[in-house]
1. Sum -39500 (n - 2.57) across every DSSP H segment of at least 4 residues in the chain, then divide by the residue count to get the 222 nm mean residue ellipticity, nearest 500.
2. Pick from T64, T47, T106 the residue whose mean-square fluctuation is largest in a GNM of the chain, springs joining Cα atoms under 10 Å.
3. In which sequence would F113, F7, F29 go, from the one with the fewest C-beta neighbours within 10 Å to the one with the most?
4. Among V69, V95, V36, determine the one that fluctuates most according to a GNM of the chain built with springs between C-alpha atoms less than 10 Å apart.
5. Looking at segment 52-89, which chymotrypsin sites (Phe, Trp or Tyr not before Pro) are in a loop (DSSP not H, G, I, E or B) and have at most 12 other Cβ atoms within 10 Å?
6. Give me a comma-separated list of calculated 3J(HN,Hα) values for segment 75-85, in order, Karplus coefficients 6.51, -1.76, 1.60 applied at θ = phi - 60°, integers in Hz, x for any Gly or Pro.
7. For segment 1-38 and segment 49-101, what is the centre-to-centre distance using only Cα atoms, to the nearest Å?
8. Once you treat every alpha carbon in the chain as an equal point and sum by Debye, what is log10 I(q)/I(0) at q = 0.11, 0.15, 0.17, 0.18 Å⁻¹?
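Read-outs throughout are calculated quantities, based only on the coordinates presented, and are distinct from any laboratory measurement. Note that the structure is predicted; figures quoted are calculated from it, not measured. Positions of Cβ are backbone-derived with ideal geometry, glycine not excepted, and every protein chain shown enters the neighbour counts.
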Amino acid sequence: MPAAPIFAVCAADAGIQALLGVIPRLYPFGEAPEGVTKPYAVWQLVTGSPENYLAGRPDLDGFTLQVDVYAATASSARAVADAISHAIELKAYVVRWGGETKDTPTKLYRSSFDIDWLVPR
C-alpha cells in the first residue's frame, strides 16, 4: 500500500527542522519511542482509498491522516502544529483542527489535526 509522503515533506522544511530536529521527531502509526525528546509529533492513517475508474488502474490514492503533536508547553505544541500544517499545505489539505488537551499522566500538551492528501501513483 502506498503512503502519504508526510515525513519527506516535513523533513525538507527548515521550520520543522528547527522545532523537531534535522531528522524530525515525526513518527508513524501514532507511536513515538519511549523517552523521545519533546516536542515530537506522531501521525497515523485514519482512512484512505484509491481513485478507481471504470477503465484502467487508479492513478491516485487519497489518504486522511491524523497528526498529534506532544510538547512540554501549550505554546510549543501549537508552534509545531502550525509548522507542520504550513509545511504540508502546498501538498495536502488540513481538513480538521482537532482537540487540544493536557495528558494527566505524562503532563504533556497535545494538539491534533487531520490532513487529506492525494498522492499520485
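1. Details: 3 runs with 28 residues, N = 121.
Estimated from H runs of four or more residues: -6500 deg cm²/dmol.
2. It is T106.
3. Working: F113 19, F7 15, F29 9.
With the sparsest Cβ surroundings first, the list reads F29, F7, F113.
4. Sorting by GNM fluctuation, first place goes to V36.
5. Details: sites: Y53, F63, Y70; in loops: Y53.
Here the sparse-neighbourhood loop sites are Y53.
6. Values, residue by residue: 5, 5, 4, 5, 4, 5, 4, 4, 5, 5, 5 Hz.
7. Cα centres, segment 1-38 to segment 49-101: 13 Å.
8. -0.37, -0.65, -0.81, -0.89
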